[in-house]
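A short worksheet on the structure shown next.
The values are calculated or read from the model by the stated rules, or taken from the named source; none is laboratory data. Quantities reported herein were computed from a predicted structural model and do not represent experimental measurements. Please note: Cβ atoms are built from the backbone with ideal geometry, for glycine as well, and neighbour counts cover all protein chains shown. With ligands, DNA and RNA removed, areas are computed over all heavy atoms of the protein, side chains included. Shrake-Rupley method; radii C 1.70, N 1.55, O 1.52, S 1.80 Å.
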Amino acid sequence: MATSAGSSPVALVTGASSGIGLAAAQALLDRGFTVIGAARRQEPMAPLVSAGLRPLALDLTDPASIAAAVAWLGQEVPGGLAVLVNNAGYGAYGSVEETPLAEARRQFEVNLFGLADLTQRLLPAMRQRGSGRIINVSSMGGRIYAPLGAWYHASKHALEGWSDCLRLELADFGIRVVVVQPGIIRTGFADTMHEPLLQRSGSGPYAALTRGLLAGFADIYDARRGSPPELVGRTIAEAATSSRPRTRYVVGYLARPLLLVRNLLGDRVYDAVSLANFRRR
Ligand SMILES: NC(=O)c1ccc[n+]([C@@H]2O[C@H](COP(=O)([O-])OP(=O)(O)OC[C@H]3O[C@@H](n4cnc5c(N)ncnc54)[C@H](OP(=O)(O)O)[C@@H]3O)[C@@H](O)[C@H]2O)c1
């Protein structure tokens, strides 16, 4: 394992300023990693800095920011990373008809291409060293789908296929690729998707579906049925440290049952379940 100054292994967690990334950073610190937390906002990471987290500015929509972050890592972590947790992401919701393609591209920039840029730049050192672990935080939404979530689901479905191909390409270089598929987790995710969805599709032909989706999301997030981010954080730490990590970790509220319905019963049944849930109001 790559170490920092010959001591603890080093993990980089993107999206460490909130939710799952913050929890993963904490869980990795608890397991003895030197953790570098990357995000646009630095302030929310301050509480973990006293526990040893090293904050790093990163905007995944900006190639210059990614290049600067990797240059900083090259200087500060000359031994290279043991673990890269590609967690940063968000959901761009709205009907396909009403979502500008610029927003769709931005969705892919954060959830796939920025992640890919960062990974590409960090891969040569891992490959030359012959070890490393790349943990991509996808979603149960990388296998299932919901109305008004086309671009989010497209980006996560793409990340799933991309990760599978990468796993095969790196198999001979000692680098493991793991996908984490969280279910409903209580983080900033629902807040980030709410306002843009309302603006795009809250009036007009998709208004009823938008109300249904927001009410459905309010049920599962606001009623606090969702799982705590710490659950996913611990799963990521498990994937980072297991001697034989799984290719996929399914974790959190609704993930297993929904993936089961989708996998066993097929599209028509899944469509009916999804629409019944979001059309009910
Ligand atoms: N919550 C759920 O129910 C759920 C379910 C399945 C999958 N997920 C996935 O889990 C991951 C983490 O989301 P979360 O639920 O923890 O949401 P969150 O609390 O909103 O956290 C999102 C993180 O992504 C970072 N981020 C967003 N845009 C970025 C950009 N352009 N450049 C760099 N960082 C950026 C944010 O940091 P800054 O804003 O400071 O940059 C923040 O730290 C995402 O990939 C999400 O798709 C979440």
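Worth pointing out:
- Yes/no for LEU101 being closer than 29 Å to LEU275 by Cβ, more than 15 Å from the ligand (Cβ to nearest atom), surrounded by fewer than 18 Cβ atoms within 10 Å (Cβ to Cβ) and without any contact (Cβ under 8 Å) to a residue 40 or more places away in the chain: yes
- Single match in LEU115, LEU73, LEU122, LEU60 (criterion: touching a residue at least 12 places away in the same chain (Cβ under 8 Å) and touching a helix residue (DSSP H, G or I) at 6+ places or on another chain (Cβ under 6 Å)): LEU60
- Residue match in the stretch 111-128 (condition: over 21 Å from VAL10 (Cβ atoms), surrounded by fewer than 18 Cβ atoms within 10 Å (Cβ to Cβ) and away from the ligand (no atom under 15 Å from the Cβ)): no
- PHE189 being aromatic (Phe, Trp, Tyr) and within 17 Å of LEU123 (Cβ to Cβ): no
- For the stretch 39-61, filtered to residues that are more than 7 Å from the ligand (Cβ to nearest atom) and within 20 Å of ALA116 (Cβ to Cβ), the residue that is least open to solvent (accessible area, probe 1.4 Å) is LEU56.
- Qualifying residues in the stretch 85-98 (those that are buried (at least 20 other Cβ atoms within 10 Å of the Cβ) and not small (Gly, Ala, Ser)) - the one nearest to the ligand (Cβ to nearest atom): ASN87
- Those residues of the stretch 85-103 which are in a helix (DSSP H, G or I) and farther than 19 Å from GLU195 by Cβ, in sequence order: LEU101
- Some residue of the stretch 224-244 being under 19 Å from TYR270 (Cα atoms), within 16 Å of the ligand (Cβ to nearest atom) and not aromatic (Phe, Trp, Tyr): no
- Number of positions in the stretch 138-154 that are touching a residue at least 60 places away in the same chain (Cβ under 8 Å) and either in contact with a strand residue (DSSP E or B) (Cβ under 9 Å, 6 or more places away or on another chain) or assigned to a helix (DSSP H, G or I) (or both): 3
- Set GLU195, GLU160: member being more than 17 Å from the chain's Cα centre (by Cα) and either modelled with pLDDT of 95 or more or away from the ligand (no atom under 12 Å from the Cβ) (or both): GLU195
- Among residues of the stretch 182-201, those that are outside any helix (DSSP H, G or I), of a type in the set (Gly, Ala, Ser) and surrounded by 17 or more Cβ atoms within 10 Å (Cβ to Cβ), counted: 1
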